[in-house]
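**Q** Take a look at the following structure, please.
Bear in mind these aren't lab numbers, they're just calculated from the coordinates by the rules spelled out. Bear in mind the structure is a predicted one, so any value in this text is a computation, not a measurement. When we count neighbours, we look across all protein chains shown, and the Cβ atoms used for this are built from the backbone with ideal geometry, even at glycine.
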Amino acid sequence: MPHIGFDYGDRALLVWMTRRMPSLLDLSLIVRPETILRWHRAGFRTYWRWKAHRRVGRPTINRELRDLIRRMSEDNPLWGAPRIHGELLKLGFEVAQSTISKYMVKRRGPPSQGWRTFLRNHADAIAAIDLCVVPTLTFELLFAFLIVGHGRRQLLWFAVTRHPTAKWLAQQIVEAFPWDTAPDHLLRDNDAAYGLVFTRRLRAMGIRDRPIAARSPWQNAYVERLIGTIRRDCLDHILIFGEAHLHRVLTLYSLYYNQTRTHLGLGKDAPFGRVVERSGTVIAVPILSGLHHRYARI
């Protein structure tokens with residue numbers, strides 16, 4: 001007798017028929033009773049496996065909320081589940097605190113702030129200095145002494161001289177930081193111009209002198225970038241006639257740099273802050289005789 005093949009539907013039908021009509025078990029020419037029982041046991045296992053995999057309990061949350069929990073956890077490593085839960089409640093999200101614990105970023109060891117946060121929290125207490133060499137029309141060398149603040153990258157002070165002695169540099173520090181405005185730390189290179197008189201003046205003002213390593217300008221990156229910006233935006237396009245002319249040009253550029261020029265590192269804002277103007281007619285105000293412009297609304 002040829003072999004008869006049964007698919008899953010046929011087997012399920014036969015199991016149901018034999019349960020409803022047990023006399024069908026005598027149809028031994030079609031299938032044996034043991035086979036029917038084996039099929040039943042397999043169907044039983046399949047049914048309960050399917051039922052056990054059905055989702056029960058607390059409903060799942062959408063992907064947007066899961067991503068928000070993870071982002072809050074990554075952005076705020078000092079926050080635990082209760083703190084994130086409170087923040088989400090204020091945003092109108094009804095979610096259990098245990099669910100937040102489930103989707104938070106898992107960390108090894110105690111929570112810790114990142115290096116970027118650590119450095120930014122101390123940036124307002126750090127200033128950096130450097131000397132910028134500027135040739136004149138008659139090939140004379142002038143020196144522009146620059147001080148930049150790390151907090152908002154402001155050009156805090158500048159002065160021009162032909163001979164940057166240690167005594168002159170020390171006097172510039174006194175004039176740049178009157179009373180209690182001096183920074184806690186001052187970054188500088190190892191130029192020989194910063195002599196003993198200069199370092200003593202820093203100590204007297206309570207400023208911690210922080211010379212960088214030799215031939216490592218990247219350790220004083222903010223002021224080096226400022227010098228590069230001044231050259232590209234201004235000095236590379238102007239012939240300097242003398243000390244007074246350089247001082248006048250730097251005065252105009254410093255106002256533009258601090259109040260108008262947008263910076264990538266400040267989220268496209270100016271160091272002194274620049275309000276967003278949404279109404280009025282746009283006008284252009286020339287700066288440095290039209291080398292740059294400030295756009296505003298009136």
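**Q** Can you give me the angle between helix 63-75 and the longest principal axis of the chain, using Cα atoms only, in degrees from 0 to 90, rounded to the nearest 10?
**A** Computed tilt is about 40 degrees.
**Q** Helix-only estimate, please: 222 nm mean residue ellipticity of the chain, summing -39500 (n - 2.57) across DSSP H runs of length 4 or more and dividing by its residues, to the nearest 500.
**A** -12500 deg cm²/dmol
**Q** Antiparallel DSSP bridges in the chain: what percent, to the nearest 5?
**A** Just about 75 percent of them are antiparallel.
**Q** Counting only other residues whose beta carbon sits under 13 Å from that of SER254, what net charge do I get with K and R as +1, D and E as -1?
**A** Charge balance in the 13 Å sphere: +2.
**Q** Write down Rg/Rh for the chain, rounded to two decimals, with Rg from the C-alpha atoms and Rh from the Kirkwood relation over Cα pairs.
**A** Over the Cα atoms of the chain, Rg/Rh equals 1.41.
**Q** Net charge within 14 Å of THR181 by Cβ-Cβ distance, Lys/Arg positive one each and Asp/Glu negative one each, not counting THR181 itself?
**A** So the environment of THR181 carries a net charge of -4.
**Q** Before anything else, pin down the relative contact order of the chain: Cα pairs under 8 Å, at least 6 apart, normalised by residue count, whole percent.
**A** This gives 11 percent for the chain.
**Q** Kindly rank 148-154, 177-183, 64-70, 251-257 from highest to lowest mean number of other beta carbons found within 10 Å of each residue.
**A** Top to bottom by mean Cβ count within 10 Å: 148-154, 251-257, 64-70, 177-183.
**Q** Working from Cα positions, state the angle (0 to 90°, nearest 10) between the long axis of helix 8-20 and the longest principal axis of the chain.
**A** 50 degrees
**Q** Moving to a separate point now. Please compute the modelled spin-label separation between ARG297 and VAL282, points set 7 Å along Cα→Cβ, answer in nm with one decimal.
**A** With each label point 7 Å from Cα toward Cβ, the separation is 1.1 nm.
**Q** Please work out the Cα convex hull volume for the stretch 119-239 and give it in Å³ per residue.
**A** 108 Å³
**Q** Please list the equivalent ellipsoid semi-axes of the stretch 63-107, computed as the square roots of five times the alpha-carbon gyration tensor eigenvalues, in descending order and whole angstrom.
**A** Here the semi-axes work out to 14, 11, 10 Å.
**Q** Would you mind calculating the relative contact order of the stretch 174-215 from Cα pairs under 8 angstrom and at least 6 residues apart, reporting the percent as a whole number?
**A** Here the relative contact order equals 51 percent.
**Q** Mind listing the Cα extents of the stretch 220-298 along all three principal axes, in Å, largest one first?
**A** Cα extents, longest axis first: 42, 30, 16 Å.
**Q** Here's another thing I want to ask about it. Expressed as a rounded percentage, what relative contact order does the stretch 121-287 have, with Cα pairs under 8 Å and six or more residues apart?
**A** Once divided by the residue count of the stretch 121-287, the mean separation gives 22 percent.
**Q** Moving on to the next point. Collect residues whose amide H, placed 1.01 Å from N in the peptide plane, falls under 5 Å from the amide H of LEU142; neighbours closer than 5 in sequence don't count.
**A** VAL134, THR136
**Q** What nm distance separates the two modelled labels at ARG107 and PHE272, each placed 7 Å from Cα along Cα→Cβ?
**A** 3.9 nm
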